[in-house]
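Below is one structure, written out as structure tokens, with a few remarks after it.
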């Protein structure tokens, strides 16, 4: 089985053309807004939508290389210039 870090890198690479994906990582999955003890690949999206509103080619799998995939909404940060002071 492929290790978790390599699986995360591969999945992020496969999702690089999905404009809604803003990043990825490894962490604990959540269910009903509660953190579980299950390690997962976390995919951050700008806007989390109901599956019925996501085009088939833009869908993120619920598992990848037997690891759970958790999708978390995290809007893109606006660039504020150097040191976050708006310069």
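The values are calculated or read from the model by the stated rules, or taken from the named source; none is laboratory data. This is a predicted model, so every value here is computed, not measured. In this analysis, Cβ positions are derived from the backbone assuming ideal geometry, glycine residues included, and neighbour counts consider all displayed protein chains.
What to note about this one:
- Of the listed requirements (1) modelled with pLDDT of 95 or more; (2) over 20 Å from residue 24 (Cβ atoms), residue 43 misses just one: (2).
- Residue match in the range 30-50 (condition: on the phi > 0 side of the Ramachandran plot, touching a helix residue (DSSP H, G or I) at 6+ places or on another chain (Cβ under 9 Å) and surrounded by 10 or more Cβ atoms within 10 Å (Cβ to Cβ)): no
- Any chance residue 16 is under 12 Å from the mean Cα position of the chain (by Cα) and loosely packed, with under 12 Cβ neighbours inside 10 Å: yes
- Residue-level check: of (1) in contact with a strand residue (DSSP E or B) (Cβ under 9 Å, 6 or more places away or on another chain); (2) assigned to a helix (DSSP H, G or I), residue 6 misses just (1).
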